[in-house]
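> The structure's right below; bear with me while I get my questions together.
The values are calculated or read from the model by the stated rules, or taken from the named source; none is laboratory data. Worth saying up front: this structure is predicted, and the values here are computed from it rather than measured. Every residue, glycine as well, gets a Cβ built from its backbone with ideal geometry; the counts of neighbours run over all protein chains shown.
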Amino acid sequence: MAVESKDLFVEVPGGQVFVRQWTADRSSGVPIILLHDSLGSVEQWRSFPEALATATSRNVIAYDRLGFGRSTLRTSPAEAGFIDEEAQIYLPAIVAALGLSHYVLFGHSVGGGMALVAAAISGSHCAAVITESAQAFVEERTLSGIRDAKNAFESEDQFSKLTKWHGERASWVLAAWSEVWLAPAFRGWSLDPYLGKVRSPVLALHGDSDEFGSCEFPRRITQGVHGLARMEILSPCGHVPHREREGDVLGLVQRFLVENGIA
């Protein structure tokens, strides 16, 4: 199945976000919107969006959050409410610009938290949510992983990996992740205020060896949401299942959408 991609920029409060859409032959049904992780970007999804479009016969959309990738540079420090902000301000602006009435949200890592918050506030517009390695609260394993990564990025070689994807935005991107999550004021954060408001079906994917969070995260998510929910633990697998176990992730997503009648 052939897949074509199209790039565009969308105006949002504070600048422009870079958006890429993948369209498969004979694609139909509700499109899937990808929400990237704390250091991520459209390009860092690599081959997965095209594979997802092919496996599900749906349009797939990904975007660089403001300050990331090819989107407008941000200079002011990220704030503790950045997850709610994405769900309440930026994602709705993109959805409106693309003229989408319904969509499936697929969020990796913190993008999974954003997807659940967005589902909680968007009502029936969100047909389903797939979280992958999503944090549900602040766990010591998460903080330890962030500290280790922050220390590693002090190496010029390691930091160059960030600049490859984010250019001059790289320092802001790293600080937006590490400084917020490691701040004492953020220790009380969780998805609990939103989970009970999620009515759409939820698939929570998690690696058994995820260095940024235990399987308590998907368990909290699936037990807390109001709608139908399923947890799938991939083994052996770390924090990036769509790269480490792409075939399994594609199969689970396709089956989940079919079983829940997501047209």
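> Considering Ile233, Ile262, which residue is aliphatic (A, V, I, L, M), in contact with a Cys (Cβ under 8 Å, 6 or more places away or on another chain) and more than 30 Å from Ser71 (Cα to Cα)?
Working: Ile262 fails: in contact with a Cys (Cβ under 8 Å, 6 or more places away or on another chain).
When all the criteria are applied, what remains is Ile233.
> Taking Glu179 as the residue in question, decide whether it is over 30 Å from Ser124 (Cβ atoms) and under 21 Å from the mean Cα position of the chain (by Cα).
yes
> Output the residues belonging to the stretch 1-22 that are out of contact with any strand residue (DSSP E or B) (no Cβ under 7 Å at 6 or more places or on another chain) and in a strand (DSSP E or B).
Glu11, Val12, Gly15
> Looking only at residues that are among the polar types (S, T, N, Q) and in a loop (DSSP other than H, G, I, E, B) in the stretch 23-46, which one is surrounded by the fewest Cβ atoms within 10 Å (Cβ to Cβ)?
Ranking the qualifying residues of the stretch 23-46, first place goes to Ser28.
> When residues of the stretch 129-143 are filtered for being more than 20 Å from Gln88 (Cβ to Cβ) and buried (at least 19 other Cβ atoms within 10 Å of the Cβ), how many remain?
Qualifying residue count, the stretch 129-143: 4.
For every residue, the table says whether it meets (1) touching a helix residue (DSSP H, G or I) at 6+ places or on another chain (Cβ under 6 Å); (2) at pLDDT 95 or above; (3) not aromatic (Phe, Trp, Tyr).
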site: Trp45; (1), (2), (3): no, yes, no
site: Pro49; (1), (2), (3): no, yes, yes
site: Ala62; (1), (2), (3): yes, yes, yes
site: Thr75; (1), (2), (3): no, no, yes
site: Ala78; (1), (2), (3): yes, no, yes
site: Phe82; (1), (2), (3): no, yes, no
site: Glu85; (1), (2), (3): no, yes, yes
site: Ala93; (1), (2), (3): no, yes, yes
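> Do the conditions hold for Pro49, that is, is it farther than 30 Å from Ala2 by Cβ, surrounded by fewer than 24 Cβ atoms within 10 Å (Cβ to Cβ), out of contact with any Pro (no Cβ under 9 Å at 6 or more places or on another chain) and of a type outside the set (Lys, Arg)? Quick ask: steps written out before the conclusion?
Values: farther than 30 Å from Ala2 by Cβ: no; surrounded by fewer than 24 Cβ atoms within 10 Å (Cβ to Cβ): yes; out of contact with any Pro (no Cβ under 9 Å at 6 or more places or on another chain): yes; of a type outside the set (Lys, Arg): yes.
No; evaluated as a whole, the condition is false for this residue.
> Another one. Of these, Leu91, Leu116, which one is crowded, with 22+ Cβ neighbours inside 10 Å, closer than 19 Å to Val249 by Cβ and not acidic (Asp, Glu)? Let's see the steps before the verdict.
On the way: Leu91 fails: closer than 19 Å to Val249 by Cβ.
None of the other options fit; the residue is Leu116.
> Looking at the stretch 189-206, is at least one residue out of contact with any His (no Cβ under 7 Å at 6 or more places or on another chain) and free of Cβ contacts under 8 Å to residues at least 24 places away in the same chain?
Scanning the stretch 189-206 turns up at least one residue that is out of contact with any His (no Cβ under 7 Å at 6 or more places or on another chain) and free of Cβ contacts under 8 Å to residues at least 24 places away in the same chain.
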